[in-house]
Amino acid sequence: MIKHECGLFGIYGHEDAARLTYFGLYAQQHRGQESAGIISRDSGGMHEHKGMGLVPDVFTEADLQGLTGETAVGHVRYSTTGRSYLRNAQPFLAHYKGKDIAVAHNGNLTNTEALRTELENEGAIFSTTNDTEVFMHLLVRALRHKDLPDAVREACSRVRGAYCLLVLCDDVMVAVRDPFGFHPLALGRLDGAPVFASETCAFDLLEADYERSIAPGEIYIVDAQGEHSEKLDGPLPEKPRQCIFELVYFARPDSYIFNEQVYVCRKNMGWQLAYESSPDADLVLPFPDSGVYPAVGFAQCAELPYEHAMIRNHYVGRTFIQPSQGMRNFGVRVKINPVQAMIDGKRICIVDDSIVRGTTMITRVKKLRELGAKEVHIRISCPPVKFPCFYGIDFASPKELIAANHTLEEMKSIFNVDSLHYLSVDGLLRSVMHSDSYCLACFTGDYPVPCKECGKYRLEGACGKVSS
Ligand code: AMP
């Protein structure tokens, strides 16, 4: 299944639309490094440029100059295992009865298999494995007899799961967030023009003003007449279920999402973690970059010295010549490396945001031991990741999630550490302001949306017990 953990940007009615979109994507590069794309629109139609790789590598000055018009949508796509094709890059552009339609999607739909089969049975053909194309088919069918906002509403009533969408057709742009509000989408303003971004760090770069978050189940419409907000069809769930992993790991710490400042949440997580379990140690050592922010809170609460003694290579690209067989775990080594003088003879407390497969911990603790660490303690600023995510965070399959298959004691011995403590679910919720509005499925298995219509994954908890 193709997953989307992406970044969106859109702007309506600004003379520099494509260039601003470029920078809006640049600021959100962390949300997707696989591919980038921009579609702009002028009175002559839509113009598109997409490519594999990082934003500055995908667009040249000439590309941006070709993206004419005062309206644009852009997308960065996260790399997932395999399936790294240009044709899956977004925004997705389709042509229907003389109209150009562009869709950019962040999230993961959970009922596309059934919808795809239904559409194929009716004669639809697909050129990608992308669930955004399924949405496009539903949208185009609805557009036969409806205007764009109503057609988006109808298409959204058919899909389940996580979606933030920017849709552009003729001179209308629509921004929409699914009823649970899994992923963030913000509304801002630049020189009077409305701008949309997954994260507010994009607005900061452009010096756009942040206005507010698009609400779960909201559909925000911009056209030549102005702007207005509507609701998606159907009742809203009692509470939103926003992805707490955005706050733990995915979003940039300088962003303000879900009406929370990401940095503050991460620091609070570290503080709570130390409150729950702080070892006797000589120093707190974050694994950069993601461990840095909880480690600040951890060290302050535990009153332990904080040292940047694990150094990050900031130029690690996605691809490099594969090392020889003897150079196992090269991927982790190339990313972070400890400073020997700070480690020898010390009792080290590692702080990191999460453990997925455990590769980082196994290999780096081994190195810390080799460098003479006297004791190694691990503190993780979220609960054990035990369940797969169906809403857009790319986790390993349950078979590969180390915490799904081992007890704490087993993991302690696998990592070869003196102690191991994960932040409790309560501690995590105490670290955020709107604690009743989050999806915790990766920690608890309590899925807000049935994961597969076939029923293989059930609503309440059972998911992790079923092998995928
Ligand atoms: P692992 O080595 O597999 O245990 O991965 C753990 C590291 O990957 C942590 O330091 C996290 O910061 C980072 N991480 C957590 N979730 C993800 C994800 N969905 N995609 C990529 N990296 C992640």
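Output yes when any residue across the range 286-299 is modelled with pLDDT of 95 or more, surrounded by fewer than 18 Cβ atoms within 10 Å (Cβ to Cβ), outside any loop (DSSP other than H, G, I, E, B) and more than 16 Å from the ligand (Cβ to nearest atom), and no when none is.
No, there is no match, as no residue in the range 286-299 is modelled with pLDDT of 95 or more, surrounded by fewer than 18 Cβ atoms within 10 Å (Cβ to Cβ), outside any loop (DSSP other than H, G, I, E, B) and more than 16 Å from the ligand (Cβ to nearest atom).
Identify, please: which residue in the range 379-422 is part of a strand (DSSP E or B) and either free of Cβ contacts under 8 Å to residues at least 24 places away in the same chain or away from the ligand (no atom under 11 Å from the Cβ) (or both) and is, among those, surrounded by the fewest Cβ atoms within 10 Å (Cβ to Cβ)? Steps first, please.
The first filter runs over the range 379-422 and keeps only residues part of a strand (DSSP E or B), leaving 379-380, 419-422.
Within this subset, residues satisfying the condition of being either free of Cβ contacts under 8 Å to residues at least 24 places away in the same chain or away from the ligand (no atom under 11 Å from the Cβ) (or both) are 379, 419-422.
On the way: R379: 27, S419: 16, L420: 22, H421: 18, Y422: 24.
Within the range 379-422, the match that is surrounded by the fewest Cβ atoms within 10 Å (Cβ to Cβ) is S419.
Table: residues versus (1) of a type in the set (A, V, I, L, M); (2) more than 18 Å from A104 (Cβ to Cβ).
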position	(1), (2)
A193	yes, no
R266	no, yes
G270	no, yes
A281	yes, yes
P288	no, yes
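Out of everything in the range 332-359 that is of a type outside the set (V, I, T) and more than 16 Å from the ligand (Cβ to nearest atom), what residue ends up being surrounded by the most Cβ atoms within 10 Å (Cβ to Cβ)?
K346
If you check S324 against the conditions, is it away from the ligand (no atom under 12 Å from the Cβ) and modelled with pLDDT under 95?
Against the criterion (away from the ligand (no atom under 12 Å from the Cβ) and modelled with pLDDT under 95), S324 qualifies.
Looking at the range 157-173, which of its residues are surrounded by 20 or more Cβ atoms within 10 Å (Cβ to Cβ) and either farther than 21 Å from G74 by Cβ or among the aromatic types (F, W, Y) (or both)?
V159, R160, G161, Y163
So which of E113, E61 ends up being under 30 Å from V316 (Cα atoms), of a type outside the set (A, V, I, L, M) and more than 20 Å from the chain's Cα centre (by Cα)?
E61
Is it the case that V316 is out of contact with any Pro (no Cβ under 7 Å at 6 or more places or on another chain), within 13 Å of the ligand (Cβ to nearest atom), part of a loop (DSSP other than H, G, I, E, B) and of a type in the set (V, I, T)?
yes
Which of the numbered conditions does Y293 fail, given that it passes all the others? Conditions: (1) under 27 Å from the mean Cα position of the chain (by Cα); (2) within 14 Å of H421 (Cβ to Cβ).
Among (1) under 27 Å from the mean Cα position of the chain (by Cα); (2) within 14 Å of H421 (Cβ to Cβ), Y293 violates only (2).
The values are calculated or read from the model by the stated rules, or taken from the named source; none is laboratory data. Model, not experiment: these values are computed from the prediction. Using ideal geometry, Cβ is built from the backbone for each residue, glycine included, and neighbour counts are taken over all protein chains shown.
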